[in-house]
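Report on one structure; see the data block that follows.
The values are calculated or read from the model by the stated rules, or taken from the named source; none is laboratory data. Keep in mind that this is a model prediction, so the values were computed, not measured. Neighbour counts run over all protein chains shown; Cβ positions are idealised from the backbone, glycine included. Please note that ligands, DNA and RNA were not included when accessible areas were found on the heavy atoms of the full protein model with its side chains. Shrake-Rupley method; radii C 1.70, N 1.55, O 1.52, S 1.80 Å.
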Amino acid sequence: MMQISAAHGFAHDDRGNLLLGGFPAASLAKEFGTPLLVLDEDRFRENCRAYREAFARFYPKYEVIYASKALCVLATCQLAHEEGLAIDVASGGELFTALRAGVPAQRIFFHGNNKTPEELRYALSQSVGRIIVDNFTELSLLAELAKETGKTAHILLRITPGIEPRTHRAIQTGGVDSKFGFDLNNGSALEATQKTLDSPHLALHGFHCHIGSQILELEPFEQAAEVMMDFLARINREVGFLAEELNLGGGLGIRYLHTDEPPSIASYIQVLAQRVKAKAHQHGLPLPILMVEPGRSIVGPAGVTLYTVGTIKRIPGVRTYASVDGGMYENPRPALYAARYEAVVADRLFETPTEEYAIAGRCCESGDVLIWEASLPPLNPGDLVAVFATGAYTYSMASNYNRFPRPAVVLVGRGRARLIVERETYEDLVRKDIPLPKE
Ligand code: LLP
């Protein structure tokens, strides 16, 4: 199991204890309880830096924007901001969180295909850096609200470039049949540009696209960069507008299984930079400020979830279920996307896996299985299981299904283990409920 933890970038001590930010996993579980999402501070920071360092090597003008949806809590917004990243928010709630974390409004990019008038007013009143406008309804609404509030809305237009990378359908976003963005090929993108330029209350800075998530090849990103640069050239020719900013979204995949081979952050940025430069040269355009919006590749690999094993059910000749104290309420990805994960027994890394288990959650659904085939040494109730690469889209997608309280999140590293989100209590669960009066 050592090989598995090493493949995920985590060390162990000489007795086979998994170390997270220098702490034995078992001691974190003891102090903070399970299930527990543990975030490695250095990993998070290194991933932020890897983006900025790659840009510094390959491209002169850039912005790295943390897609906070991957894990939007005060501490992650603070860390990303400290590391020089801007913050992408996709709702009023994420915007509120980023502002509360002390991120200057100017450093915030506001996304969403159905921002409400209230959310847009909120964004305008705070003077967020950029609003990424998704569709014609929003374009006219925003122009109206900007006029009404006497503010100028600084915007990017989200373009659907018509690229379908190989990933789960639910997280493909750049294809023609998508709820997001202005279509590049049917004239919508051009029309939206013209409309924006015609409005005195909208300041257009450039264009955005996002082709999908957990993408493990570079080609679709290269394609998107080229298609978007061709679009910038066309807009320049046909409308006379020169875009200063090109935001290519997020989507770089990460290692969930030790056999996954995601491209490095550096190689990803390098190919984007190359394509954009080559196209700028070809079209005789100045280089735009190049932006990316990574979420998963920043916070995903930094996270490990710790669980305590409870019941074990052996069905001879069929399967053995080992149920843990979490499940789809705190990590819905296996149930939603058939996402796969790897696990180890956190204090027995030197033991050889001889058994196969289905690691089940405790929600009332047969589909609540976190890992269908985990190779592990024989498990006993009370064992501590660690699941890797759980930093992104787990806690941020967690619910209270079956009224399970959401887990705690702890930030480890630099000699400290600090709670950044408290575990919910039963009281929290009924806090918003209003009982019927006694008749
Ligand atoms: N920018 C935009 C406009 C996005 O929609 C997203 C992700 C990102 C950036 C960040 O993408 P990333 O670098 O994290 O791939 N819940 C799904 C993933 C949904 C991604 C949605 N948008 C999952 O658990 O796999």
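With the requirement that a residue be outside any helix (DSSP H, G or I), modelled with pLDDT under 95, touching a strand residue (DSSP E or B) at 6+ places or on another chain (Cβ under 6 Å) and among the aliphatic types (A, V, I, L, M), what does segment 161-202 give you?
Scanning segment 161-202 gives a single hit, L184.
Out of the residues in segment 384-398 that are buried (at least 24 other Cβ atoms within 10 Å of the Cβ) and under 10 Å from the mean Cα position of the chain (by Cα), state the one that is nearest to the ligand (Cβ to nearest atom).
Checking each candidate, the answer is Y393.
Can you tell me which condition R296 does not meet? The list is (1) without any contact (Cβ under 8 Å) to a residue 40 or more places away in the chain; (2) buried (at least 24 other Cβ atoms within 10 Å of the Cβ); (3) basic (K, R), and all the others hold.
(1)
Could you give me the residue pairs with C-beta distances under 6 Å whose first residue belongs to segment 390-403 and is part of a loop (DSSP other than H, G, I, E, B), whose second residue is charged (D, E, K, R) and surrounded by 24 or more Cβ atoms within 10 Å (Cβ to Cβ) wherever it lies, and which are 6+ apart or on separate chains?
A392/R296; A398/E330
May I ask you to list the residues in segment 293-324 that are within 30 Å of D88 (Cα to Cα) and polar (S, T, N, Q)?
Correct list: S297, T305.
Which members of segment 291-310 meet the condition of being more than 11 Å from the ligand (Cβ to nearest atom) and either in contact with a Pro (Cβ under 9 Å, 6 or more places away or on another chain) or assigned to a loop (DSSP other than H, G, I, E, B) (or both)?
P301, A302, T305, L306, Y307, T308, V309, G310
Do you know which residues across segment 98-109 are within 16 Å of the ligand (Cβ to nearest atom) and either open to solvent by less than 40 Å² (accessible area, probe 1.4 Å) or within 12 Å of T76 (Cα to Cα) (or both)?
A98, I108, F109
If a residue counts only when it is open to solvent by less than 60 Å² (accessible area, probe 1.4 Å) and touching a Lys or Arg at 6+ places or on another chain (Cβ under 8 Å), which strands (runs of 3 or more DSSP E) contained entirely in segment 311-365 have at least 3 such residues?
In segment 311-365, 319-324 are the strands (runs of 3 or more DSSP E) which contain 3 or more residues that are open to solvent by less than 60 Å² (accessible area, probe 1.4 Å) and touching a Lys or Arg at 6+ places or on another chain (Cβ under 8 Å).
Would it be correct to say that T152 is of a type outside the set (D, E), at pLDDT 90 or above and over 26 Å from the mean Cα position of the chain (by Cα)?
Taking the combined requirement at face value, the residue satisfies it.
Identify, please: which residue in segment 203-244 is outside any loop (DSSP other than H, G, I, E, B) and of a type in the set (F, W, Y) and is, among those, nearest to the ligand (Cβ to nearest atom)?
So the residue we want is F221.
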